[in-house]
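Undergrad: Below you'll find the structure I mean.
Read-outs throughout are calculated quantities, based only on the coordinates presented, and are distinct from any laboratory measurement. Every value quoted in this text rests on a predicted model; they were computed, and no experiment measured them. All Cβ positions, glycine included, derive from the backbone under ideal geometry; neighbour counts span all protein chains shown.
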Amino acid sequence: MTVLNDKDRENFLSSIRDLHDYPKEGIIFKDITTLLNDTKQFTRLIKGLAARYKDHDIDYIAGIDSRGFIFGAPLAIQLGLGFVPIRKKG
């Protein structure tokens, strides 16, 4: 596993679609489904994050819903750790 570099970052950012004026005027919503649909990019992201944190003394990966679940669960699997989902109030 190798840590992510600037080229990876560019690739990830270009894989995310901007939805202008969604959900209301003046907002640019970052639609990550286009990144998630790209198996190569999504796998590279998770493996790169795992490489960054593999030597840290981590017991669990926690993810705040909902995007935290999407990235946290596969990261936990990659690191061989448990995953703790954290729900927002409401």
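Undergrad: Give, rounded to the nearest 20 debye, the magnitude of the charge dipole that the chain has about its Cα centre when Lys and Arg contribute +1 at Cβ and Asp and Glu contribute -1 at Cβ.
TA: Its charge dipole is roughly 160 debye.
Undergrad: Sorted by mean Cβ packing within 10 Å, highest first, what order do the peptides 31-37, 52-58 take?
TA: 31-37, 52-58
Undergrad: Go through LYS54/LYS88; LYS7/LYS89; LYS30/LYS88; LYS24/LYS54 and tell me which ones have a Cα-Cα distance over 30 Å in this structure.
TA: LYS7/LYS89; LYS24/LYS54, as the Cα separations exceed 30 Å there.
Undergrad: Along the charge dipole of the chain, pointing to its positive end and built from +1/-1 on Cβ of Lys, Arg, Asp and Glu, which listed residue (GLY80, PHE29, THR39) has its Cα farthest out?
TA: GLY80
Undergrad: Shifting gears a bit: Using just the helices of the chain, give the 222 nm mean residue ellipticity in deg cm²/dmol: DSSP H runs with n ≥ 4 each add -39,500 (n - 2.57), and the total is spread over all residues, rounded to 500.
TA: Mean residue ellipticity at 222 nm (helix-derived): -13500 deg cm²/dmol.
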